[in-house]
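Single-structure report; data block below.
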Amino acid sequence: MDIDLTPKLAKQVYGGAGGSYHAWCPNELPMLKEGNIGAAKLALTKNGFALPCFSDSAKVAYVLQGSGVAGIVLPAKDEKVIPITKGDAIALPFGFVSWWYNKEDTELVVLFLGDTKTAHKAGSFTDMYLTGSNGIFTGFSTEFVSRAWDVDESVAKTLVSSQTAKGIVKLDAGFQMPEPKQSDRDGMVLNCEEAPLDVDIKGGGKVVVLNTKNLPLVGQVGTGADLVRLNGSAMCSPGFSVDSALQVTYIVRGSGRVQVVGPDGKRILEAHLKPGNLFIVPRFCVVSKIGDPDGMEWFSIITTPDPKFTDLAGKVCPWKSLSPQVLQAAFNVSPDVQQHFSSKRTAEQTFFPPSN
């Protein structure tokens, strides 16, 4: 596999006083295009407002920092005004219209990951803004706009031309946006930092998996996700996705090392990871990570709504199921070596704490 898997940082696409929009470029991270994956980040300063838009891709949004408000309109549904905070994962199916607002001092940062098989450009999201200097209706004639909205042409011109910003604006401090409703979170949002743990290994790490059981809407998005917290100097077992899924990983905090091995036992990635890095593990390739002393946390999407993985170390792995004779023949080792191997990792799974 000759494709470059080196982890990359996002680059700013546009921005201003209200905030900025950043994206990973398929030209710099070729697996985005190869795997039809889009990745971007939105950062809003205090009173920053991301204008309403729809996208050519379904997405999972993850709040990396801060708190704010998300306005979501699903096709033929009423607007949901959702309070969001750090750790929230939000499923955004096809056809949604969204806006985002930050009224707090702390910058609001939201990560977007999703499938781009139906997008205009493989490996990139294209957002279609409803207003602003690049809004959809700037392309229609005044006649079409006025007839569509049943307003005078003068009013149509005012509506289309008054917002001169692109994508993100900074609202006046006194401007009153809609108040978010806690009930609007139901069925739309799962906080991965507060959800029940799917894996909890003392001294090793913790995992929360986002799937159709705890957030059914991800079934419409087509991707599952997980939040993984790896303890300092702990190891995440070598493993792979058993359902032909890609793993798209964003490093939230901390640091560590990663190795990925592909066909013919070739190591196709070895890198030191830091916050903001994004990398993609190809289908059926085996990945393992070791945290630095301060540990490492990452958020991933997996290109199936109910992901399944196989570990290749630990108490639940193929080695523990294979008969001794098969292991001896496969490794070409003596029974003593095989027995020593089989006696290890009989209690641990997924995460391995550092040796004392």
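The values are calculated or read from the model by the stated rules, or taken from the named source; none is laboratory data. Keep in mind that this is a model prediction, so the values were computed, not measured. Cβ placement follows ideal geometry from the backbone for every residue including glycine, while neighbour counts extend to all protein chains displayed. Heavy atoms of the whole protein, side chains included, go into the accessibility calculation; ligands, DNA and RNA do not. Shrake-Rupley method; radii C 1.70, N 1.55, O 1.52, S 1.80 Å.
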Check your understanding: If we keep just the residues of segment 1-25 that are in contact (Cβ under 8 Å) with a residue 60 or more places away in the chain and outside any loop (DSSP other than H, G, I, E, B), which is surrounded by the most Cβ atoms within 10 Å (Cβ to Cβ)?
Key -> Gly19
Exercise for review: Might you check whether a residue that is part of a strand (DSSP E or B), basic (Lys, Arg), open to solvent by less than 50 Å² (accessible area, probe 1.4 Å) and at pLDDT 95 or above occurs anywhere in segment 73-89?
Suggested key: no
**Study point:** Test: residue in segment 86-102 that is in contact with a Gly (Cβ under 6 Å, 6 or more places away or on another chain) and either of a type in the set (Ser, Thr, Tyr) or under 22 Å from Asn277 (Cα atoms) (or both)
**Key:** yes
Review point. Does Gly139 satisfy the criteria of being open to solvent by 60 Å² or more (accessible area, probe 1.4 Å) and within 30 Å of Lys33 (Cβ to Cβ)?
Key: yes
Point to revise | segment 26-64, residues that are open to solvent by 10 Å² or more (accessible area, probe 1.4 Å), over 25 Å from Asn211 (Cβ atoms), in contact (Cβ under 8 Å) with a residue 24 or more places away in the chain and part of a loop (DSSP other than H, G, I, E, B) | key: Pro26, Pro30, Thr45, Lys46, Asn47
**Study point:** Qualifying positions in segment 107-157 - without any contact (Cβ under 8 Å) to a residue 12 or more places away in the chain and touching a helix residue (DSSP H, G or I) at 6+ places or on another chain (Cβ under 6 Å)
**Key:** Ser146, Glu153
Study note, to complete from the structure: Going through segment 108-136 in order, the residues found to be open to solvent by 70 Å² or more (accessible area, probe 1.4 Å) and over 21 Å from Val73 (Cβ atoms) are Lys117, His120, Lys121
Review point. Of the numbered conditions (1) open to solvent by 20 Å² or more (accessible area, probe 1.4 Å); (2) of a type in the set (S, T, N, Q); (3) under 20 Å from Lys170 (Cα atoms); (4) not in a loop (DSSP other than H, G, I, E, B), Ser98 satisfies every one except a single condition; which is it?
Key: (1)
Exercise for review: State whether the residues of segment 320-334 include one that is open to solvent by 20 Å² or more (accessible area, probe 1.4 Å) and under 23 Å from the mean Cα position of the chain (by Cα).
Suggested key: no
Exercise for review: Please go through segment 303-342 and pick out each residue that is modelled with pLDDT under 95, farther than 17 Å from Val199 by Cα and outside any helix (DSSP H, G or I).
Suggested key: Thr303, Thr304, Pro305
Exercise for review: State yes or no: is Val281 among the β-branched types (Val, Ile, Thr), open to solvent by 60 Å² or more (accessible area, probe 1.4 Å) and at negative phi?
Suggested key: no
Exercise for review: Taking only segment 255-274 into account, find how many residues are open to solvent by 70 Å² or more (accessible area, probe 1.4 Å) and assigned to a loop (DSSP other than H, G, I, E, B).
Suggested key: 2
